[in-house]
1. Mind counting the residues in segment A:240-281 that are part of a helix (DSSP H, G or I) and of a type in the set (Lys, Arg)?
2. Which numbered condition in (1) at pLDDT below 85; (2) outside the structural domain of A:Leu556 (by the TED database); (3) under 28 Å from A:Glu353 (Cα atoms) is the only one that A:Lys503 fails?
3. Tell me which residues, restricted to segment A:56-87, are touching a Gly at 6+ places or on another chain (Cβ under 8 Å) and hydrophobic (A, V, I, L, M, F, W, C).
4. Is segment A:360-369 home to any residue that is among the small types (Gly, Ala, Ser) and surrounded by fewer than 18 Cβ atoms within 10 Å (Cβ to Cβ)?
5. In the list A:Tyr555, A:Tyr579, A:Tyr608, A:Tyr614, which residue meets the criterion of being within 14 Å of another protein chain (Cβ to nearest Cβ) and in contact with a strand residue (DSSP E or B) (Cβ under 8 Å, 6 or more places away or on another chain)?
6. What number of residues within segment A:498-516 satisfy the criterion of being more than 22 Å from A:Val323 (Cα to Cα) and part of a loop (DSSP other than H, G, I, E, B)?
7. Considering only segment A:7-24, I want to know if a residue exists there that is assigned to a strand (DSSP E or B) and either over 40 Å from the mean Cα position of the chain (by Cα) or at pLDDT below 85 (or both).
Amino acid sequence: MPVNLTRNAIAMMNSGDFNSKPLVQVVDIKLIGNSQERYRFLLSDSESTQHAMLATQLNEQVRTGRVKKGSIIQLIDYICSTVQNRRIIVVLNMETIIPEYEIIGNPKLLMGSEPEANKSMPNNNLFEPSTRSTNNRYSAPAPANKAQSFQPTIQPAYQPPPNYKIQGPIMKNEAPARIIPIAALNPYQGRWAIKARVTAKGDLRRYNNARGDGKVFSFDLLDSDGGEIRVTCFNAVVDRFYNVIEVGKVYLISKGSLKPAQKNFNHLKNEWEIFLESNSTVELCPDEDGSIPRQQFSFRPITEIESAENNSILDVIGIVISVNPSVPILRKNGMETQRRILNLKDVSGKSVELTLWGDFCNKEGQKLQEMVDSGLFPVLAVKAGKVNDFNGKSIGTISSTQLFIDPDCPEAQGLRAWFESGGRNTASISISKEIMPGGSKNEIRKTLTQIKDEGLGRSDKPDWVTAKATVVFIKTDNFCYTACPLMIGDRQCNKKVTQSGNKIWLCDRCNQEFEECDYRYLLQVQIQDHTGLTWVTAFQEAGEEILGCSAKEMYLLKYELQDDTRFGEIIRSRLFHQYLFRLKIKEELYGDEQRVKITVVKVDKVNYSAESRYLLDMVTKNLPNRKQF
Amino acid sequence: MDTSSPAAFVNGGLLRMHVGRKVRTVIQVTRSDAGSVMGKSTDGCQLVVRGSPPAPLTSYVEVIGVAENENSIRAELWTNFGDSFDASNYDQLCQLANGELKHLFL
């Protein structure tokens, strides 16, 4: 199938024609750049070639092979700029028309463009073949071969209007630079301008380092294409712009420098960050630009957060179903801060715990508390929350988090509609509870001596196993503890409470006092199977299964009624029952030594039918003649 | 424990291997008269068990007795096994007890 590339496309592009959408061929692709992934194409119109940088938002196309060497592509959006007397084309948008094609024609390098934009050439003579060592298939251009009908001109892309004022002795080109999408910003860009809305404004921070005192502030921008970038100002620049920048307003910004984004603090989807300097310009656009959204979110359903990586940053939106009071928390550095825990629920049927820290507790946290107390269930959108995997998965605020109560966005409306038409009453499963890996399908069965022999519990994650064993001893001293009955979200606090005064209990975590405490099991039990025996600890649910009654009943029997006979009878009656114990095994530091601690997470009565099947399976698996394979 | 005359675990198909000898099996009662009980063995065969069953009789009953022929047993001992029973487990046990693990049983 014959293909006609656009005639003289290269020359046209170089002379400032950006409106045609030429069809060109990619004759080479090179990955360059020290720390960032940047691709440099060599484009050909079958006669001449030109280097072009690929805007990073198109990197995916090279990686996935949608565009490769030999591909015929159509350039949809591109710009041409001059950097250090060299012409660079930047491709902002392109489409692969034919992915694979043999090289068309005999393209030669066009005069006026240099292959290596980053390196300074020791020999500027373009016509020597030795400078083109990387591209052997092209013949070196010689002056006599130039059969172009016009000379390429090296000019800026935009011609200043003739009546522009000349200021100062040096004639500078003060023409306003062309507005480009934020996604196209890169350090190779000549002059650029962006028009964007401020979505976040950071605090003014002062610092002191080896170079002395300084101050800094940052703000985030969002443009009409959805591109986002952070802008940072230092010292004197802070003074110029700190009061100018307001969240929600649109600004025209130009002449900043582009540097790699600091991924630790900057969670925007941009590899670059703008640093404004003394010659930077920031102009407020008073006319409301409806094409630029106020905020950009990429909400994840709560069910996806369950599999999110610890410490990853994400956006989430949900209905607030509970808000807890602020509690003061002592941090590791000795400073005190506030903490509040909320629970969010969404259409995925899951709920997640959201922890607010510091100011969020007093501002948004307080407002949410009042709303929930008066019977409302507001929608809360979280931008840039951090995933924490301490207990299941939960989300916490960080300094760059933003909270939006009842935001005016389609997701909030959708959530509200779902909630009102039934979502309110559907129970949701919290992902912020500790998960037990391995359901009944992939339980690992071990004997009690295997736990010790195989060194279970010694790695950094606990081991979860099932063992069939019999209760042989139950320790009756300290079989339960006094627990806090107050609710934190949909979970009971359960922290051990201390007695303050007669009949008054105090919980440190909830910071509240109450008269009635709860009693929860903390049983030390010895279990035995045909291989050996071991001590395990059983908490509330497991304890109730083993003893067949609540911790409170046993407590009252022993300590209030002081009926040791009845107490003893109950304990004895529960011995020598066989169960399937689901055990969590973890080595922990007790004082100086490492001890393997075994906790009973679940107690199940042995189902004889299922257990027989399990044993029959084990027997047939281990029969001698099967091992002959 | 008297281990002098062990009863072999059988299902319908294995009964013929022990004709004239002491056997034990579990059947699901299909019909019960005075003097005999008809039942389905754990591998689906129809067996006749002669003797006096207990009253009342549950759905599943274990019988220990002497195998008369390949589908009838003269029972000496009857034990009600209740109304729910995992027949496939028992069947697998019979196969193991007569096959590779015979030496553990007789």
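1. Result for segment A:240-281: 1.
2. Against the list (1) at pLDDT below 85; (2) outside the structural domain of A:Leu556 (by the TED database); (3) under 28 Å from A:Glu353 (Cα atoms), A:Lys503 comes up short only on (3).
3. A:Cys80, A:Val83
4. No - not one qualifying residue is present in segment A:360-369.
5. A:Tyr614
6. Here the count works out to 7.
7. No.
One line per residue, one yes/no per condition, for (1) closer than 21 Å to A:Lys363 by Cα; (2) touching a helix residue (DSSP H, G or I) at 6+ places or on another chain (Cβ under 7 Å); (3) surrounded by fewer than 15 Cβ atoms within 10 Å (Cβ to Cβ):
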site	(1), (2), (3)
A:Gln262	no, no, yes
A:Phe265	no, no, yes
A:Phe275	no, no, no
A:Gln295	yes, no, no
A:Ser298	no, no, yes
A:Ala308	no, no, no
A:Gly318	yes, yes, no
A:Leu330	yes, no, yes
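The values are calculated or read from the model by the stated rules, or taken from the named source; none is laboratory data. The model shown is predicted, which means the values in this text are computed figures rather than measured ones. When we count neighbours, we look across all protein chains shown, and the Cβ atoms used for this are built from the backbone with ideal geometry, even at glycine.
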